[in-house]
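Heads up: the structure comes next, in structure tokens.
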Amino acid sequence: MNKTVNPNELTSEDDFGPLYAARKKVYPQSVSGTFRRIKWGLMAFCLGVYYFLPFVRWNRGLGAPSQAVLIDLPNSRFYFFFIELWPQEVYYFTGLLIVAAVTLFLMNSVGGRIWCGYLCPQTVWTDLFYAVERFVEGDRRERMKKDKSSGLTLRRAGEIALKHTIWLMIAWWTGGAWVLYFSDAPTLVKELLTFQAPMVAYIWIGILTATTYVLAGFMREQVCTYMCPWPRIQAALTDEWALNVTYRYDRGEKRTSVKKAAELRALGEQVGDCVDCYQCVAVCPTGIDIRNGPQLECIQCGLCIDACDNIMTKLGRPKRLIGYDNDINIQRRQDGKAPIYRVVRPRTIVYSAIIAAVGGIMLYTLATRSLLDVNVLHDRNPVAVKLSDGSIRNAYTVRLLNKSGYDRVIAIDADGPVNLTTHVVGADSVTPDRPMIVIPRDTTSELRLLVTAPAENNPEKSIPVRFRVTDIGLGEVATATDNFVAP
């Protein structure tokens, strides 16, 4: 007999279950192996670059900043070793974002969530915080036992205090290193220590210290599971040939203990290599069981591969019961065929071609870009003025950019109306018909330019006018085009 249910009497928890799963604290166990060594190496490299790069020096000449990588917001400059980018060159940052995004797609198409498992800042700092936790409190079993104990001894309180102190020191230096990219690092460090730094520096250090401490020390796998959008995007971008951390169930099933497996084999029954030791679960930083198949929480760090390989080695069985693989090869092995791997395929070729094309264009434009530039803006009110002798005058705002590390003497020429003359307001020149001015190094200079054309031989309509600035010493030329308008 069917029971009629009143929707008004239903509660989400009693009748449909909770709206979200309660968090189960994860206690990753330490492990050694190939992928653990790769993670240690990449962690040391990434953190070393992040923490110490602001202190690397680069000589750009007298008066120029000597920091190799510097985001100079007051002067609107970005310095990266020998490269200096201006706000007008924002397209380089656009190109970098495109290359970064497509590189992420390429990594996914080749090896799944390589970024998440090895290079993501959340992964790197969380891994570092886990290492501190193990160093202070012990490995998995010890930490679980200590957390379950009800009493708080003096020794336990000391361990907790030491752990959080080290976490806060790491988080503080993380925030401090970030602000060093926006000012001369040695100078800012001295100002921070003597409490003479700008207040905004202390504010940002505080914000980044708090976020690093909370995200890496407490939220950990929750960031990857619930806050990060990449697992959802990655699932839509992957294909059947992408290599992911995979439990090879064709070899592992049927699971059973070592003793039971020996008994079943003696009876002629088929058993797998998996012995249900749960080491793959114990070392997982997100606490999942890789044997249950692909899961959103899996960051594919490869630690379960190391754990399983260690067990297989002890049992005298082949390694890589868990490994980077795909379902196609599992099916092929079940059919008695050899596995095949297709790293080079249309998807990866297209991604590589996009990276090469965008990167090549950026390198070409960077290598051939001019360090002298000019922009011209026509006056709008009035557009043109007719003088008493019948000649026509147009006024322009000319912005000159000298991106080099030395002063320039430049000459300004204009081509368009017949017999035109040019005059820079407020600037004297030794050649009245061809204004020459000095532009200081690494600056933008703005001037007002008057262009006058006699009434005869000039049409009574708008005609193009081309402005040309020439470096007298080097002969470098920059041009801009506008219109000469009749009143």
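The values are calculated or read from the model by the stated rules, or taken from the named source; none is laboratory data. None of these values were measured; they are calculated from a predicted model. Note that we place each Cβ from the backbone using ideal geometry, even for glycine, and neighbour counts take in every protein chain shown.
Worth a mention:
- Residue within segment 403-411 that is within 37 Å of the chain's Cα centre (by Cα), polar (S, T, N, Q) and in the same structural domain as Pro464 (by TED's automatic domain parsing) present: yes
- Exactly one residue out of Ile114, Ile71 is surrounded by fewer than 16 Cβ atoms within 10 Å (Cβ to Cβ) and touching a helix residue (DSSP H, G or I) at 6+ places or on another chain (Cβ under 6 Å): that is Ile71.
- Of the residues making up segment 457-472, those that are of a type in the set (A, V, I, L, M) and out of contact with any Phe, Trp or Tyr (no Cβ under 8 Å at 6 or more places or on another chain) are Val469, Ile472.
- Only one entry of Asp373, Asp379 meets the criterion of being over 17 Å from Val485 (Cα atoms) and touching a Lys or Arg at 6+ places or on another chain (Cβ under 9 Å), and that entry is Asp373.
- Taking the listed residues Leu447, Leu474, Leu420, the one that is over 17 Å from Val385 (Cβ atoms) and crowded, with 16+ Cβ neighbours inside 10 Å is Leu447, with no other qualifying.
- Residue within segment 329-342 that is in a helix (DSSP H, G or I), over 23 Å from Asp127 (Cα atoms) and of a type in the set (Ser, Thr, Tyr) present: no
Matching residues to (1) part of a strand (DSSP E or B); (2) aliphatic (A, V, I, L, M); (3) farther than 18 Å from Asp373 by Cβ:
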site	(1), (2), (3)
Val409	yes, yes, no
Ala414	yes, yes, no
Glu446	yes, no, no
Arg466	yes, no, no
Thr470	yes, no, no
Gly475	no, no, no
Pro487	no, no, yes
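- Within segment 274-291, the set of residues being more than 19 Å from Arg220 (Cα to Cα), outside any loop (DSSP other than H, G, I, E, B) and without any contact (Cβ under 8 Å) to a residue 24 or more places away in the chain is empty.
- Criterion: touching a residue at least 40 places away in the same chain (Cβ under 8 Å), surrounded by 16 or more Cβ atoms within 10 Å (Cβ to Cβ) and closer than 30 Å to Ala486 by Cα - qualifying residue of Ile330, Ile354, Ile412: Ile412
- Applying the condition of being within 23 Å of Asn402 (Cβ to Cβ) and of a type outside the set (Gly, Ala, Ser) to segment 48-68 and asking which residue is nearest to the chain's Cα centre (by Cα) yields Gln67.
- Options Leu180, Leu208, Leu215, Leu243: the member that is closer than 19 Å to Cys301 by Cβ, crowded, with 18+ Cβ neighbours inside 10 Å, modelled with pLDDT of 95 or more and not small (Gly, Ala, Ser): Leu215
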